[in-house]
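Just so it is clear, none of the values below were taken in a lab; they were calculated from the coordinates. Computed from a predicted model, the values in this text were never measured in an experiment. No Cβ is skipped: glycine too gets one built from the backbone with ideal geometry, and neighbour counts run over all protein chains shown.
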Amino acid sequence: MAEGTNPRETADPFWAEVDGYITHHLVGQDAVGEAILEANERAGLGFGAVAPSEGKLLELLVRACGAGKVLEVGTHGGYSASWFARAGASVTTLEIDPERGALARASLEQAGFGERVEVLVGDAMDSLAALHARGAGPYDFVFLDADKQRNPEYLEWALKLSAPGTVIYADNVIRAGAVIDPEGYDKRLGEGGIQAIRRFYELVAAEPRLSATAVQTVGSKGHDGFLLAVVVS
Ligand SMILES: C[S@@+](CC[C@H](N)C(=O)[O-])C[C@H]1O[C@@H](n2cnc3c(N)ncnc32)[C@H](O)[C@@H]1O
């Protein structure tokens, strides 16, 4: 599909309104999260962080599965990492951009999570290999939220760093529905990005150690969704 021609790409303002309702009732005043998002904005980071309602979902999932150790690929300014830390987990989060890594460290420190969150700066492929080499893991919860084109490779590492019971959550795997089109194109992913996400689905489906589903969502960040997999053996 040619750049910008996916009619479903544009977020409906009504979805954002409904997100506002959910956040108002179920997330509420969130001084920690708001401070991190404000720091992101001051640093010109844009809107790469998960929405508050999804951050809360991540916290609840980590609590529900009693996850003590979380691995996050894609730190940005540390917003989603703060939700994992709030669930009481210790978090290792990977970020390629040194400025973002430093900002995340500062924001998480400020929020009182400095002891609980380790930010590793560098290409996630190198950081994952280093974590594996140092015998890190198994992690109880793995959040894939970096360059989605590389989810197939991140999945391999996630499995190496997992054990039965580990939950793998991959964000942004619907892309306004472009994922169902073998020729799909998403300008944020570039050429071949949608095809890489499709390969990710195929790898998950073919992996006997995983049981998975994906859920499409609409909200302040448009029409997208996540894939949730559990390592069953
Ligand atoms: C969508 S943002 C993550 C948002 C964050 N999880 C949150 O919700 O607050 C993706 C981040 O992944 C980082 N990233 C992209 N490619 C990467 C790579 N190869 N290795 C590590 N981080 C990468 C980007 O710099 C960006 O900060």
message = Exactly one of these conditions fails for A81: (1) assigned to a helix (DSSP H, G or I); (2) more than 8 Å from the ligand (Cβ to nearest atom); (3) aliphatic (A, V, I, L, M). Give me its number.
response = (2)
request  = Check off (1) under 19 Å from R63 (Cα atoms); (2) crowded, with 19+ Cβ neighbours inside 10 Å; (3) more than 10 Å from the ligand (Cβ to nearest atom); (4) under 18 Å from the mean Cα position of the chain (by Cα) for V173 and give me the number that stays unchecked.
outcome  = (1)
ask   = What are the residues in region 16-52 that are part of a loop (DSSP other than H, G, I, E, B), touching a residue at least 60 places away in the same chain (Cβ under 8 Å) and surrounded by fewer than 19 Cβ atoms within 10 Å (Cβ to Cβ), if any?
value = A43, F47
Lone qualifier among V142, V121 - being within 18 Å of V91 (Cβ to Cβ), surrounded by fewer than 20 Cβ atoms within 10 Å (Cβ to Cβ) and hydrophobic (A, V, I, L, M, F, W, C) = V121
message = Among the residues of region 151-165, what is the count of those that are surrounded by 22 or more Cβ atoms within 10 Å (Cβ to Cβ) and of a type in the set (G, A, S)?
response = 2
ask   = Among L131, L227, L210, which is the only one that is within 13 Å of the ligand (Cβ to nearest atom) and surrounded by 14 or more Cβ atoms within 10 Å (Cβ to Cβ)?
value = L131
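If you go through region 53-78, how many residues are hydrophobic (A, V, I, L, M, F, W, C), more than 13 Å from the ligand (Cβ to nearest atom) and either crowded, with 20+ Cβ neighbours inside 10 Å or on the phi > 0 side of the Ramachandran plot (or both)? Give the derivation first.
Going through region 53-78, the residues hydrophobic (A, V, I, L, M, F, W, C) turn out to be 57-58, 60-62, 64-65, 67, 70-71, 73.
Now narrow it down to the ones that are more than 13 Å from the ligand (Cβ to nearest atom): 60-62, 64-65, 67.
Imposing the further condition that a residue be either crowded, with 20+ Cβ neighbours inside 10 Å or on the phi > 0 side of the Ramachandran plot (or both) reduces the set to 62, 67.
Matching residues across region 53-78 total 2.
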query = Can you name the helices (runs of 4 or more DSSP H) wholly within region 115-233 that have at least 1 residues being closer than 28 Å to A16 by Cβ?
reply = 151-160, 193-206
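With respect to R100, is the statement that it is basic (K, R), part of a helix (DSSP H, G or I) and more than 19 Å from V62 (Cα to Cα) true? Walk me through how you get there before you give the answer.
Working: basic (K, R): yes; part of a helix (DSSP H, G or I): yes; more than 19 Å from V62 (Cα to Cα): yes.
Answer is yes for this residue.
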